[in-house]
Amino acid sequence: MTILTLHDGDSFIYMKVGIHAHEPLAGIIKRKREEIAKAGVSFWGYGGNTCHPLTAVQPFVKEVNSQGATVQLLMQEINSHHFADPVRAESYSPNGVDWVKIPPSINVLGSRYALVLGSLDEIDMDVALADTKVGIGRLAGMQGSEYIKGRVDKACLVYSPRDTKDGNEALISFRLAARLAEPYAVLLK
């Protein structure tokens, strides 16, 4: 397990993870690592529009990369109740126009979108979401702890530690991290 530290200005994609399409997280992690070993990448499936591949993830990652930095995926394990049917996506698109058949060695189940992962590692890091800000979109600059509420379970965030802390901040435990690979996020069908 690697101990990670965020520095002021570091960008990351935050995602809550757990059971997905009837598969426990431990099984998903094992499968994704095998896919990376075989295919060089894996697709981490998800839904919802808070991190849409074309309007949030890709522009966010490309902007950060243009500044010479990188974006990683940081995952918080939760008790999930995602019981969508485990239907395998057959094709992916990096742009919504061109569709490519998903290689047989990659399985992404019960999802509309996927992040493209080049690694998947266990980490140990605790972060106060109050020390983050939304990094893209109409709510850019909003404090992460205000944005990640209710059903919002993912976000493009920038670490921005506050000068003063009250000592009562809720910490998020990140235990998984991934390096994103081009094209970073895709549409699925």
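Consider GLU122 carefully, then state whether it is loosely packed, with under 13 Cβ neighbours inside 10 Å, under 15 Å from the mean Cα position of the chain (by Cα) and of a type outside the set (Ser, Thr, Tyr).
yes
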Odd one out for ASP131, checked against (1) of a type outside the set (Phe, Trp, Tyr); (2) crowded, with 17+ Cβ neighbours inside 10 Å; (3) within 23 Å of ARG175 (Cα to Cα); (4) under 17 Å from the mean Cα position of the chain (by Cα) = (4)
Filtering the stretch 92-134 down to residues that are in contact with a helix residue (DSSP H, G or I) (Cβ under 6 Å, 6 or more places away or on another chain) and farther than 27 Å from VAL158 by Cβ yields PRO103, SER105, ILE106
Every residue from the stretch 15-55 that is without any contact (Cβ under 8 Å) to a residue 60 or more places away in the chain and within 16 Å of the chain's Cα centre (by Cα) | LEU25, ILE28, ASN49
Restricting attention to the stretch 74-91, does a residue exist that is in contact with a helix residue (DSSP H, G or I) (Cβ under 7 Å, 6 or more places away or on another chain), buried (at least 20 other Cβ atoms within 10 Å of the Cβ) and touching a residue at least 40 places away in the same chain (Cβ under 8 Å)?
-> no
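Taken together, the values in this text are just the output of simple stated rules run on the coordinates, not laboratory data. As the structure is a computational prediction, the values presented were derived from the model and not from experiment. No Cβ is skipped: glycine too gets one built from the backbone with ideal geometry, and neighbour counts run over all protein chains shown.
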